[in-house]
Amino acid sequence: MASLRAFIKEYHSTEAGVRLFSDARNIHLFSCLGAAVLTLLLWGEVPGQWLLSWLATMTLFQCLLTLCARLYIRYGKIAHLRFWLRIYSVLSISTHLTWGSLTLMFEDYLGVWQQLFIQQLLFVVILGSRHLLSRIYSLFSANVVALALPSLIGLLYTEHIEWQSLVSGVILGSGALYILYLAKRDAEDFLAQLNRDPVTSLMTRRTFFRELQRSLVPGDSVLVCQVRNYTAICNTLGDSAGDAVLKHLSELLQDALPGNAIIGRLSDAEFGMLARFAPERIASRLLSHSSRNLQWNGHDILLDISLGTASDDGKYSDGKATVRRAQLAAASSDAHGSLVSYHPVLMQQAEREIRLRAGLAQARQNGELALHLQAKVDIKTGKVNGAEGLLRWHSPVFGEVSPVEFIPLAEKTGLIIEIGNWVIEQAADFLMHLPGSDYFSLAINVSVVQFAEENFVDEFRKRMPTLPPGRHLELEITESVVMLDTTVVRKKLAELSEMGIQIALDDFGTGYSSLSYLAELDIDTLKIDRSFINNILSDEKAARLVKTMIDMAQGMGLTVVAEGIETVNQLDKLNGWHCDSAQGYYIAKPIPAMAFYCQYSGYPKTAGAAR
């Protein structure tokens with residue numbers, strides 16, 4: 001009995017049951033047509049009253065089967081699917097018994113070859129429904145047995161078996177076995193499709209966890225790979241590009257692991273794999289291959305992936321728990337193309353993130369978000385020539401929440417679109433009301449998620465008024481934006497430049513920088529990250545590198561802004577290199593926009609006086 005239950009469970013799926021009920025009407029119409037044709041063929045050979053009674057019984061069963069299917073489609077729920085399938089199965093087996101008993105009922109009126117013809121016709125009928133019924137192989141098998149059983153029983157109880165009857169029985173039994181073989185093959189193909197992701201051909205999430213649980217032993221590691229710019233790629237280039245990325249990455253994963261490795265697609269842009277030996281080596285190989293651009297329809301796509309790994313602790317050998325820990329590790333990665341190992345602290349961070357999400361969703365409506373401004377100065381004159389807008393969140397529950405924490409969270413949840421539009425409106429309003437007519441540029445950061453929106457430029461245009469003379473809005477983009485697709489990015493930046501918007505490349509040199517970006521894109525300003533500025537006084541190589549950046553950018557007609565200035569010596573060094581502007585705590589700390597507005601006309605004329 002246990003083996004029978006296992007057999008039924010293996011060749012049954014919820015998808016197959018739902019599909020059966022959806023297409024049941026076609027099966028029953030086909031069966032009714034077959035019964036009508038058979039009635040016409042036997043008319044005159046068999047008493048009409050008996051034949052019509054048999055046809056009426058068949059029609060009644062087909063109507064009941066159709067009614068059962070339609071009731072489930074209209075009123076049934078997935079949770080009650082097996083209940084409806086039991087009713088359907090009883091009716092279906094009864095129907096096939098009625099089919100199969102036809103030759104027994106009328107054997108006195110039919111010859112052996114006529115009975116054989118009818119039996120083969122019945123097999124043709126059931127073959128017509130094989131592609132649908134075979135998906136629930138246990139039901140299909142029972143139907144085939146019910147169809148053949150009456151005739152086989154009739155042969156067993158025949159006193160004198162003629163050779164024609166023996167041939168008929170052999171053909172009948174062989175036909176039944178062959179149909180069962182075909183149906184089993186169809187069922188296995190259908191289950192294989194259910195167990196494989198249609199885009200990548202890797203295991204589905206359910207299949208991956210099942211195989212992982214079977215194979216996981218203490219000490220094994222699970223590796224999770226996340227494509228961080230997948231949503232941005234889909235928004236920019238369409239779902240076809242996203243599918244191409246998934247196929248490309250699935251091939252890289254299969255190349256990086258042995259042929260029999262357990263690899264599955266866990267979600268839209270997340271993959272899991274069992275890495276028994278040296279997950280660091282596998283990750284290194286995968287990162288090396290994924291760093292190359294993917295060529296798709298004339299577009300260059302660079303994957304931004306993060307990897308997380310976790311080992312089974314040996315207590316429970318729980319595959320889902322191990323995958324969850326690896327997911328937390330991958331999600332905590334800050335750098336492009338890095339591997340992070342799980343640590344218990346990550347679970348605490350995840351719990352905090354859940355609470356932060358709920359708070360962030362209401363932060364803007366509750367007035368908890370604010371725009372702070374940090375002044376920039378012309379290094380040569382010391383005069384304030386602009387500022388950078390920095391978003392701040394003061395939560396009554398969590399207190400001051402760092403942008404490093406809530407900005408990635410807003411990008412994950414999609415709230416960054418709404419928040420980013422609000423920042424644009426706040427910056428434009430500030431510039432509209434700022435007194436004076438001297439040159440002043442206000443820079444705001446644009447998230448890669450927001451920039452990747454197809455209608456980003458149109459939405460920006462709606463929120464952007466005509467600014468007074470001397471007032472400029474500058475959008476700061478990072479290299480993650482450039483990584484989307486050069487063609488699309490170039491088009492959007494050109495449209496923004498036509499509107500008079502200045503473009504700055506922020507954090508230059510901290511990621512996968514390419515000098516070709518500076519030549520190909522409409523960029524006005526290059527911002528040198530504070531990580532380079534920190535060492536210009538103590539490290540000769542760092543100093544030469546920063547000077548080279550300045551000379552190169554200015555040679556290309558770009559304005560250079562140095563970030564993170566904390567001492568007067570750093571400022572003097574940059575002044576000697578003819579750097580254009582500077583920003584940092586030595587110049588001024590970020591302050592609320594209203595305070596900046598009030599102080600702007602009173603800013604000192606020499607850099608570093610306002611600290």
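The values are calculated or read from the model by the stated rules, or taken from the named source; none is laboratory data. This is a predicted model, so every value here is computed, not measured. Backbone-built Cβ (ideal geometry, glycine too); neighbour counts: all protein chains shown. In case anyone asks, the SASA skips ligands and DNA or RNA and just uses the protein heavy atoms, side chains included. Shrake-Rupley method; radii C 1.70, N 1.55, O 1.52, S 1.80 Å.
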(request) Out of the residues in the range 366-408 that are polar (S, T, N, Q) and under 24 Å from Y439 (Cβ atoms), state the one that is modelled with the highest pLDDT. (result) Q374
(request) Might you let me know whether the range 234-252 holds any residue that is among the basic types (K, R), free of Cβ contacts under 8 Å to residues at least 12 places away in the same chain and surrounded by fewer than 18 Cβ atoms within 10 Å (Cβ to Cβ)? (result) no
(request) Scan (1) farther than 24 Å from A232 by Cα; (2) under 38 Å from the mean Cα position of the chain (by Cα); (3) touching a residue at least 60 places away in the same chain (Cβ under 8 Å); (4) open to solvent by less than 10 Å² (accessible area, probe 1.4 Å) for the single condition P590 breaks and write down its number. (result) (4)
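Could you grab me the full set of residues in the range 532-544 that are under 42 Å from the mean Cα position of the chain (by Cα), in contact (Cβ under 8 Å) with a residue 24 or more places away in the chain and open to solvent by 20 Å² or more (accessible area, probe 1.4 Å)?
Within the range 532-544, the subset under 42 Å from the mean Cα position of the chain (by Cα) is 532-535, 542.
Okay, now just the ones that are also in contact (Cβ under 8 Å) with a residue 24 or more places away in the chain, so 533-534.
Of everything in the range 532-544, just one residue is under 42 Å from the mean Cα position of the chain (by Cα), in contact (Cβ under 8 Å) with a residue 24 or more places away in the chain and open to solvent by 20 Å² or more (accessible area, probe 1.4 Å), namely N534.
Just give me the residues in the range 312-338 being modelled with pLDDT of 85 or more and open to solvent by less than 60 Å² (accessible area, probe 1.4 Å), in sequence order.
A321, T322, V323, R325, A326, Q327, L328, A329, A330 - these are the residues of the range 312-338 that are modelled with pLDDT of 85 or more and open to solvent by less than 60 Å² (accessible area, probe 1.4 Å).
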(message) Show me the strands (runs of 3 or more DSSP E) entirely contained within the range 253-368 in which 3 or more residues are touching a residue at least 24 places away in the same chain (Cβ under 8 Å).
(response) 263-267, 270-275, 299-301, 305-311, 339-341
(request) Return a yes/no flag: does the range 381-398 have any residue that is of a type in the set (D, E, K, R) and loosely packed, with under 14 Cβ neighbours inside 10 Å. (result) no
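Residue by residue, here is whether (1) of a type in the set (A, V, I, L, M); (2) surrounded by 14 or more Cβ atoms within 10 Å (Cβ to Cβ) holds:
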{"position": "P344", "(1), (2)": "no, no"}
{"position": "E351", "(1), (2)": "no, no"}
{"position": "R355", "(1), (2)": "no, no"}
{"position": "R364", "(1), (2)": "no, yes"}
{"position": "I407", "(1), (2)": "yes, yes"}
{"position": "K412", "(1), (2)": "no, yes"}
{"position": "I416", "(1), (2)": "yes, yes"}
{"position": "N421", "(1), (2)": "no, yes"}
(request) Please give the number of the condition A553 fails out of (1) more than 21 Å from T236 (Cα to Cα); (2) part of a helix (DSSP H, G or I); (3) open to solvent by 30 Å² or more (accessible area, probe 1.4 Å); (4) among the small types (G, A, S). (result) (3)
(request) Report the residue count in the range 272-283 for those that are open to solvent by 10 Å² or more (accessible area, probe 1.4 Å) and touching a strand residue (DSSP E or B) at 6+ places or on another chain (Cβ under 8 Å). (result) 5
(request) Could you please find all residues in the range 424-476 being open to solvent by 50 Å² or more (accessible area, probe 1.4 Å), assigned to a helix (DSSP H, G or I) and under 18 Å from A593 (Cα atoms)? (result) E425, Q426, D429, M432, H433
(message) I'd like to check something: does the range 429-452 contain any residue that is aromatic (F, W, Y), over 20 Å from L473 (Cα atoms) and in contact with a strand residue (DSSP E or B) (Cβ under 8 Å, 6 or more places away or on another chain)?
(response) no
(message) Restricting to the range 369-401, and then to whatever is charged (D, E, K, R) and part of a strand (DSSP E or B), can you tell me which residue is farthest from I528 (Cα to Cα)?
(response) E400
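Any idea how many residues of the range 429-446 are of a type in the set (S, T, Y), modelled with pLDDT of 90 or more and more than 15 Å from L373 (Cα to Cα)? Steps first, please.
Keep residues of the range 429-446 that are of a type in the set (S, T, Y), which gives 437, 439, 441.
Filter once more, keeping what is modelled with pLDDT of 90 or more: 439, 441.
If we keep only those that are more than 15 Å from L373 (Cα to Cα) too, we end up with 439.
The qualifying residues number 1.
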(request) Provide a single number: the residues in the range 558-569 that are crowded, with 19+ Cβ neighbours inside 10 Å and either among the acidic types (D, E) or closer than 16 Å to K589 by Cβ (or both). (result) 2
(message) Suppose we filter E418, E411 for residues that are within 29 Å of D458 (Cβ to Cβ), of a type outside the set (A, V, I, L, M, F, W, C) and at pLDDT 90 or above; which single one remains?
(response) E418
(message) Could you check the range 215-248 and list, in sequence order, the residues that are closer than 25 Å to Y342 by Cβ and charged (D, E, K, R)?
(response) D220, R228
(message) A232 - would you say it is at pLDDT 85 or above and either not hydrophobic (A, V, I, L, M, F, W, C) or not in a loop (DSSP other than H, G, I, E, B) (or both)?
(response) no
(request) Given the conditions (1) more than 28 Å from A358 (Cβ to Cβ); (2) under 27 Å from the mean Cα position of the chain (by Cα), report the number of the one that Y439 does not fulfil. (result) (2)
